[in-house]
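Comments concern the structure below.
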Amino acid sequence: MNLSIQARNMAVTPGITQRIERKTARMSKYLLSDTEMQIKMRKDKNDMRVVEITVPMGNNVILRSESSAQGNLFAAIDDALAKMERQIHRHRTKLSKRLREDAFAAEPEYIEEEESEGVQEVVRRKTFPVRPMSLEDAAIQMEMLEHSFFVFVNIDTNRINVLYQRKDGGLGLLEPEA
């Protein structure tokens, strides 16, 4: 497994690198040797330490975890790595058997928007390819990414749908009409 460690507003010390390498050593037995694990760390304005981990798996599957801790980088690292390890276990066991090969998009693009006056500004734009998948596959992908919504092309209707997490814990589906 190849580690890529990046930091913003902070330095990556040898202690941080050693801790990450030690914690990820367990995960390497579940991943291919050429798998790239990207770890991005940042320090926010309120001394909040945020750690984001992204692991692109085979068949266009992307696993992602994020954690933050007030002033304690090691706690954020440990929590994000624990979340990633659970996702890898979940993916390697039940999910890899149920998902179609082309169900997931490639790495999304982020485009920063310029500020405009008078209108609420778009602070980030994300583009991604949308692949046809079943409702069940979309629900699984949304859960794996830990997002509250997921946009996909419904394989049954061949139309774009939005699956979202409801406040009552259930799932909602938005199906636009032409």
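Every number in this text was worked out from the coordinates using simple rules, so none of it is lab data. Keep in mind that this is a model prediction, so the values were computed, not measured. Positions of Cβ are backbone-derived with ideal geometry, glycine not excepted, and every protein chain shown enters the neighbour counts.
For the pairs LYS23/LYS126; LYS40/LYS83; LYS45/LYS167; LYS29/LYS126; LYS23/LYS83; LYS40/LYS167, flag any whose C-alpha to C-alpha distance is greater than 23 Å.
Numbers: LYS23/LYS126 31 Å; LYS40/LYS83 15 Å; LYS45/LYS167 30 Å; LYS29/LYS126 33 Å; LYS23/LYS83 12 Å; LYS40/LYS167 30 Å.
In this structure, LYS23/LYS126; LYS45/LYS167; LYS29/LYS126; LYS40/LYS167 lie more than 23 Å apart at Cα.
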Please list, ordered by chain and number, the residues whose modelled amide H lies under 5 Å from the amide H of GLU36; skip anything fewer than 5 residues away on the same chain.
ASN2
Percentage relative contact order, region 1-100, counting C-alpha pairs under 8 Å, at least six apart:
23 percent
Give me, ordered by chain and number, the residues 5 or more places off ILE5 or on other chains with an amide H under 5 Å from its own placed amide H.
ILE39
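Just order 76-87, 155-166 by mean Cβ neighbour count inside 10 Å, highest at the front, would you?
On the way: 76-87: 19.0, 155-166: 13.2.
Listed from highest to lowest mean packing, they are 76-87, 155-166.
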